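The structure appears right after this line, and notes come after that.
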Amino acid sequence: MSELDESLRQQMDDGLKVIRHQLERLREGPTMGEASNDISLIAELEAEYQALEEARSGLGPPDRAAGGSDGETPA
């Protein structure tokens, strides 16, 4: 895999981690104030996560030296 593909894969991995973190926080609920309805936001983030994972899988198998995929999926 080329260095450019590895850089792109790393950026995608980083993006997936950010989305996972956002989903976790939204699912935990508010820490202050009233509960909000985040169902549509959660659905959008889940769709974005899936699209990013599909795009990443289109890059081909990861280079073993780069560590590869973290294998996590959104909760």
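The values are calculated or read from the model by the stated rules, or taken from the named source; none is laboratory data. A quick note: this is a predicted structure, and the numbers were derived from the prediction, not measured. Cβ coordinates were reconstructed from backbone atoms using ideal geometry, including for glycine residues, and neighbour counts include every protein chain displayed. Each accessible area value is taken on the protein alone, full model and side chains, heavy atoms only, with ligands, DNA and RNA left out. Shrake-Rupley method; radii C 1.70, N 1.55, O 1.52, S 1.80 Å.
Annotations for the structure displayed:
- Selection from region 1-60 of residues that are touching an Asp or Glu at 6+ places or on another chain (Cβ under 7 Å) and free of Cβ contacts under 8 Å to residues at least 40 places away in the same chain: LEU26
- Search result, residues across region 26-75 that are of a type in the set (D, E, K, R), at pLDDT 70 or above and farther than 27 Å from LEU4 by Cβ: ARG27, GLU28, ASP38, GLU44, GLU46
- Qualifying positions in region 1-25 - modelled with pLDDT of 95 or more, open to solvent by 30 Å² or more (accessible area, probe 1.4 Å) and among the basic types (Lys, Arg): LYS17
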